[in-house]
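Presented below is the structure to which this report refers.
The values are calculated or read from the model by the stated rules, or taken from the named source; none is laboratory data. Everything quoted here is computed from the prediction, not taken from an experiment. For neighbour counting, all protein chains shown are included, and Cβ atoms are generated from backbone atoms with ideal geometry for every residue, glycine included. Only protein heavy atoms, including side chains, enter the accessible area calculation; ligands, DNA and RNA are left aside. Shrake-Rupley method; radii C 1.70, N 1.55, O 1.52, S 1.80 Å.
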Amino acid sequence: MTEYIIKNGHVFDAVTGHKGDVADVCMKDGKIVDKVSNSATVIDATGKTVMGGALDVHTHVAGPKVNLGRWYRPEDKFRLGERCSAKIDPKTKIEGGFSIPTVYKTGYEYARMGFAFLMEAAMPPLYSRHTHEEIRDTPIVDEAAMPVFGNNWFMFEYLKNGEIDNAAAYVAWMLRQTKGYGIKCVNPGGSEAWAWGLNCMTVNDPVPYFEITPKEIIAGLITTNEELHLPHSVHLHSNNLGNPGNYTTTLDSLKIAEDFKPNNNFGRKTVLHHTHIQFHSYGGTGWGDFESKSKEVMDYVNKTPQISIDSGSVTLDETTTMTADGPFEYHLGALNHLKWGNVDVELETSSGVVPYVYDPKVKVCDIQWAIGLEVPLFAADPMRTMITTDHPNAGPFTRYPRLYAWLMDKKYRDDLLNSFKYATKVIDATYLAEIDREISLYELSQMTRAGPAQVLGLSGSMGGLAPGMNANVAIYNINPDNMQKGIELENAFARSAYFFKDGVKVVENGVVLDADPVVKKTYWVNAKVPENKQVMHDINEKFLKYYSVNLDNYEVIDHYVPHQEIIEV
Amino acid sequence: MKTVTIKLKKVPTLYLECESVTPDKFAGKSLEAIAALPCSEGKSNYKLGDWFEISGSAGATAEETKIDVYGPGTSKCKYFGAWMSAGEVVVNGTADMFTGSWMTGGKLHVKGDVRSFSGLQMKGGEMLVDGRAWNYLGAAYRGDWRGMQGGLIRIKGDAGSDLGTFMNGGTIIVEGNVDIHIGTHAEGGTIIVKGKAHRRVGGQMVKGEIYVFQGCDVMMPGFRKIEEREIEVDGEKQVFNVFIGDLGERHSKSKGEVVYGHLYTLKE
């Protein structure tokens, strides 16, 4: 395999401790190495920024609800009357779509921005075969998917009775069956309660019939997670998303993590990952006095080392919301009267898809935008704070560069803030105007590389440029001595000068060269537990009694996952 | 006004996507630069010069530019005049899908028919068709909820189904008959049909006006007659039966304003 040496670049890497000093990076056989032979191809990165390949800790790019979005939003490929489909390059496949792009566009766009790993954040176990088929077809980037457990009948019954061993055996069985990566929990109890027309608005609302509270579910899932020593912590989307005054529920949910200690061999230091916290940091009693409570939430996150978060920042675009939080999507569909799709996934979870327009002329959307930026700006520990748009819920992932530019350039975000129709009202309701902090390139490398790798338990192979790690390297046309501002910074992040995936050069000057030589891997966790007859009996019984599919048709067989990267626990 | 004449060299096998054929793209360009504009047939990319013989000269701005399009085979070309904002386009023949879609200004004259999805989501300008129109004239793009917002479409012949879906403004005049599903989900705008309509006129309509001179075969159950009134439509004064739809009352609960969709038929 070709050897590469990247010379004279300004390296930003939290793993090796480079903070913009000029250093060389060497690659051989798909790994970062100390030195290479004289025949190595030299890449001149003078005046450029060199970072590891980025990791997206929370995104929705594969699975049935993404596909439902593609089906029922044909207009998504025309944004503001313009076609969003790229013309065809002979070496790449056709790309289309904006907020819910095709799998090809997803892979290529992430690669152009320098991303190497994506975490598909919600996989309904019943539809995991479909999810893995889409993951297989997404080029270049490595992926993993987390099955949803927060509304699962089995888990309710085991956790209600305090049978952690059985819960752990069930989770291990499920991860093996669905080729899943970790425990995702969406609106614990609420999505199940919605089948009764109800919801769980606080952590103490019991789920009808099961009589278990969200608090018990979250605590039980964390216990199970640590019992199994899984690489990633529990990935929580807490109750009461998107409602004014919901920050108290968020704090209640986060407090559950206080009593737990991480127990794993992957370098993970957290026990709970709270996702898209922007949607959970709202104050006020209604949309009229809606305000930001990001400071209160982030103060708690900053002083609690067991918690990691991602921001879920709004990008003020027309997008498609999709979540396993069924009741919320119903509520949103009734709010904007556009289109609405919901489904209940048998015993496991539910899901919904609704288009949404984050309009800069609407006060509430502007406040949401401000909260999304305040969250990373208030963060004391960049290693526990990740920048996401919860693609596509708060905005498409193709807007990450714009988000970085807003965070790194105060004038750029203030110009937008002051141009809003209700600027004074938005400034009164938020903290953004008072914040002078600008995220540095080193902090950005922690938030998008080393941080997510550590939280996902992948810090041994990803998120840095230490020898032995996967050779994922992104080089941007950014000179740290003379940084671009605003839109130019955005463009520099959107189209990397070079991107290497596992030591293969896939992007040069923002153009995808050829995706075929890259081996795209799917990560999953093989958790081993002693054989548990009770759980297997329960599973067989439920499948006979309730499921619409046969147990033999449930497992994701190897055919669906051609390039597996198995993490043995 | 200066004129650029483009003439197809041969009939395309697949459909030719002519997004570049607008005064906005042609304005201020030399003939060589116009010939270098992109177009595609299926998945193959070409230049306009590969398909068209180009003569004449373009004006400095879009307003001063007129494009004359000649066949053979204009009926296999899509997107004529789409996204145009000023100037004039004349198509001497039939045009395929998306003709005049997303127009914001200027004039488009098609001397033959236009096929489905023409005049989609227009915001301004004028589109005149001498022949007939197929389905989804002046409608929203499929899946979208933002239909025609302004401008004028005049069809000399008949039109197909699903005309003016999600219409929000502007005027569509059809001098012949129309098929089913007229003005579905309309929230504004005017549709004038001088012939007759089949069924399902004004379904889910909350605002806007539909004139059907020779009446509908079957009226939607939500409409009721309120009066007979003399109205001037398209330059002629005539007495109409006035119907209002019931969805406006439900709409008023969320928007705070009582509005009705109006349907007019000629009093016999």
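Cross-link list A:35/A:505; A:91/A:521; A:77/B:156; A:505/B:78; B:43/B:111: which exceed 27 angstrom alpha carbon to alpha carbon?
A:77/B:156; A:505/B:78; B:43/B:111, as the Cα separations exceed 27 Å there.
Consider all pairwise Cα distances in region A:74-213 and report the whole-number % of them above 28 Å.
38
Any chance you could list the semi-axes, whole Å, largest first, of the equivalent ellipsoid that the Cα gyration tensor gives for region A:285-330, using √(5λ)?
They are 24, 17, 13 Å, listed largest first.
If packing is taken as the average count of other Cβ atoms within 10 Å, what order do B:224-231, A:396-403, B:83-90, B:143-150 fall into, highest mean first?
Highest to lowest by the protection proxy: A:396-403, B:83-90, B:143-150, B:224-231.
Scan around residue A:148 for amide H atoms under 5 Å from its own, H built in the peptide plane at 1.01 Å from N, and keep only partners 5 or more places away or cross-chain.
Residues meeting the criterion, in which the H sits 1.01 Å from N, are A:123.
Ordering B:232, A:157, B:19 by accessible area with a probe of 1.4 Å, largest first, what comes out?
Sorted by accessible area, descending: B:232, A:157, B:19.
So for the pair residue B:45, residue A:421, with labels modelled 7 Å out along Cα→Cβ, what separation do we get in nm?
Going from the residue B:45 label point to the residue A:421 one covers 3.9 nm.
Ordered by packing density, taken as the mean number of other Cβ atoms within 10 Å over each peptide's residues, highest first, how do A:33-42, B:8-17 rank?
The packing order, highest mean first, is B:8-17, A:33-42.
Count charges around residue A:153 for me, please; just the other residues with Cβ under 10 Å from its Cβ, Lys/Arg as +1, Asp/Glu as -1.
Residues close to residue A:153 contribute a combined charge of -4.
Evaluate peptide A:65-77: per residue, the Cβ atoms of other protein chains within 10 Å of its Cβ; return the mean as an integer.
So the per-residue partner count for this stretch is 2.
How about residue B:123: which lysines have a C-alpha closer than 17 Å to its C-alpha, ignoring those fewer than 8 places off in the same chain?
Excluding near neighbours in sequence, the set is B:107.
Return the value, in Å² to the nearest 100, of accessible area buried between chains B and A (probe 1.4 Å, both sides summed).
Roughly 1200 Å².
What does region B:91-226 give for Rg and for Dmax, in Å, if only its C-alpha atoms count?
Rg, Dmax (Cα atoms, Å): 13.3, 45.
Semi-axes of region A:94-147's equivalent ellipsoid from the Cα gyration tensor, sqrt of 5 times each eigenvalue, largest first, rounded to whole Å?
So the equivalent ellipsoid measures 19, 13, 9 Å along its semi-axes.
Can you compute the radius of gyration and Dmax for region B:1-154, using only the Cα atoms, both in Å?
Cα-based Rg and Dmax for region B:1-154 come out at 14.1, 41 Å.
Starting from 0.36 nm per residue, how many nanometres of slack lie between residue A:428 and residue A:202 once their C-alpha separation is accounted for?
This chain segment gains 78.6 nm when fully extended.
Among the lysines, which have Cα under 26 Å from the Cα of residue A:542 when same-chain residues fewer than 8 positions away are ignored?
A:65, A:160, A:179, A:184, A:215, A:528, A:533
If you put +1 on each Lys and Arg Cβ and -1 on each Asp and Glu Cβ, how big is the dipole of region A:317-400 around its Cα centre, in Debye rounded to 20?
300
Compute the projected area of the convex hull of the Cα atoms of region B:156-268, averaged over all viewing directions, and report it in nm² to one decimal place.
For the Cα atoms of region B:156-268, the hull's average projected area reads 6.4 nm².
Counting DSSP beta bridges with both partners in the protein assembly as shown, what percentage is antiparallel, nearest 5?
Beta bridges within the protein assembly as shown, antiparallel portion: roughly 45 percent.
Which value results when the Cα radius of gyration for region A:379-470 is divided by 2.2 N^0.38 Å?
1.29
Can you pull the percent of the protein assembly as shown's accessible area that's carbon plus sulfur, 1.4 Å probe, other chains left in place?
Of the solvent-accessible surface of the protein assembly as shown, carbon and sulfur hold 49 percent.
Using C-alpha positions alone, give me the convex hull volume of region A:488-569 per residue in cubic angstrom.
It comes to 186 Å³ per residue, whole-number rounded.
Restricted to Cα positions, what overall size does region A:156-305 have along the principal axes? Three whole-Å values, descending.
Result, largest extent first: 47, 38, 26 Å.
Students often get this wrong, so check it: of A:31/A:520; A:255/A:363; A:105/A:501; A:421/B:207, which have C-alpha atoms separated by over 19 Å?
Violating the 19 Å limit, Cα to Cα: A:255/A:363; A:421/B:207.
Expressed in whole Å with the largest first, what are the equivalent ellipsoid semi-axes of region A:217-309 derived from the C-alpha gyration tensor as the square root of 5 times each eigenvalue?
The three semi-axes for region A:217-309 are 27, 12, 9 Å.
For residue A:22, what accessible surface area do you get with a 1.4 Å probe? Give it in Å², rounded to 10.
90
Give me the one-decimal nm value for the distance between modelled label points at residue A:361 and residue A:299, 7 Å along each residue's Cα-to-Cβ direction.
3.8
How big is the charge dipole of the protein assembly as shown about its Cα centre, in debye rounded to the nearest 20, if each Lys and Arg gets +1 on its Cβ and each Asp and Glu gets -1 on its Cβ?
1640
Strictly greater than 14 Å: what percent of every Cα pair in region A:268-347 meets that?
73
Could you compute the FRET efficiency for residue A:42 and residue B:61, with r as their C-beta to C-beta distance and R0 at 51 Å, rounded to 0.05?
Plugging the Cβ-Cβ distance into 1/(1 + (r/R0)^6) gives 0.55.
Across every pair of different alpha-carbon atoms, what Kirkwood hydrodynamic radius in Å does the protein assembly as shown reach?
Final number for the Kirkwood radius of the protein assembly as shown is 29.1 Å.
Take the Cα radius of gyration of region B:130-208 and divide it by 2.2 N^0.38 Å, with N its residue count; two decimals is plenty.
In units of the 2.2 N^0.38 Å rule of thumb, it is 0.94.
Once every Cα of region A:248-302 carries one equal point scatterer and solvent is ignored, give the base-10 log of I(q)/I(0) from the Debye formula at q = 0.12, 0.14 Å⁻¹, two decimals.
-0.35, -0.46
Using only C-alpha positions, report the orientation-averaged shadow area of the convex hull of chain B, nm², one decimal.
Mean shadow area of the hull around the Cα atoms is 14.5 nm².
Could you tell me which of A:431, B:122, A:251 has its Cα farthest along the dipole of the protein assembly as shown towards the positive end, charges placed at Cβ (Lys, Arg +1; Asp, Glu -1), taken about the Cα centre?
Positive-end residue among those listed: B:122.
For region A:453-520, what Kirkwood radius comes out of the mean inverse Cα-Cα distance, in Å?
13.4
With only alpha-carbon pairs counted, each pair once and no self-pairs, how large is the Kirkwood hydrodynamic radius of region B:90-159 in angstroms?
11.4
Quick one: what are the phi-derived ³J(HN,Hα) couplings along region A:146-151, Karplus 6.51/-1.76/1.60 with θ = phi - 60°, whole Hz, x for glycine and proline?
Ordered by residue, 3J(HN,Hα) equals 10, x, 8, 10, x, 10 Hz.
Hey, what's the protein assembly as shown come to in accessible area per residue, 1.4 Å probe, Å²?
Accessible area per residue: 37 Å².
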